[in-house]
Amino acid sequence: MLFIETSIFTKQIKDLVSDEEYRQLQEDLLVQPDRGDLIKNGGGIRKVRCAQGNKGKSGGIRVIYYWVTEDDQIFFLVAYPKSVKDNLTDKETAILRQLVKEQFHG
């Protein structure tokens, strides 16, 4: 499994979780890459919760990713604290859907 990050995701994840918490998320996705819930009208993008410090998963962060099944890749798109927002807006979803479409479906 290859993990790919957008530049914004790289910055966000470093500010939000420890290396160990991020490594745990990657290990979880190695075992079950379809673990995250599909986002409605997202073109295959998924959302998954990730623990943050002593807050656990319920008070942690949300990671948005796309699983490229044919290439066995996880494309990390964005991450944000659940305390800031629980779901992406329709506009944010459309932008990420377009990014995935351009990147993986030409």
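The values are calculated or read from the model by the stated rules, or taken from the named source; none is laboratory data. This structure is a prediction, so every number in the text was calculated from the model and none was measured. Every residue, glycine among them, receives a Cβ derived from its backbone with ideal geometry; neighbour counts consider all protein chains shown.
Taking the condition modelled with pLDDT under 95, under 23 Å from Lys101 (Cα atoms), in contact with a strand residue (DSSP E or B) (Cβ under 8 Å, 6 or more places away or on another chain) and surrounded by 12 or more Cβ atoms within 10 Å (Cβ to Cβ), does Val17 pass? No; evaluated as a whole, the condition is false for this residue. Counting residues in segment 79-94 that are in contact (Cβ under 8 Å) with a residue 24 or more places away in the chain and either within 20 Å of Val31 (Cβ to Cβ) or in contact with a Phe, Trp or Tyr (Cβ under 7 Å, 6 or more places away or on another chain) (or both) gives one or more. Checked against (1) within 11 Å of the chain's Cα centre (by Cα); (2) in contact (Cβ under 8 Å) with a residue 60 or more places away in the chain; (3) not in a strand (DSSP E or B), Gln26 passes all but a single condition, namely (2). Please verify whether Phe76 is buried (at least 20 other Cβ atoms within 10 Å of the Cβ), aromatic (Phe, Trp, Tyr) and either farther than 15 Å from Ile13 by Cα or in contact (Cβ under 8 Å) with a residue 24 or more places away in the chain (or both), treating the condition exactly as stated. Answer is yes for this residue. Here the condition is being more than 12 Å from the chain's Cα centre (by Cα), outside any helix (DSSP H, G or I), among the small types (Gly, Ala, Ser) and at pLDDT 90 or above; of Gly59, Gly43, it holds for Gly43 alone.
Kindly evaluate Arg62 against the criterion of being free of Cβ contacts under 8 Å to residues at least 24 places away in the same chain, of a type in the set (D, E, K, R) and either touching a helix residue (DSSP H, G or I) at 6+ places or on another chain (Cβ under 6 Å) or buried (at least 18 other Cβ atoms within 10 Å of the Cβ) (or both). Judged against the criteria, Arg62 is not a match.
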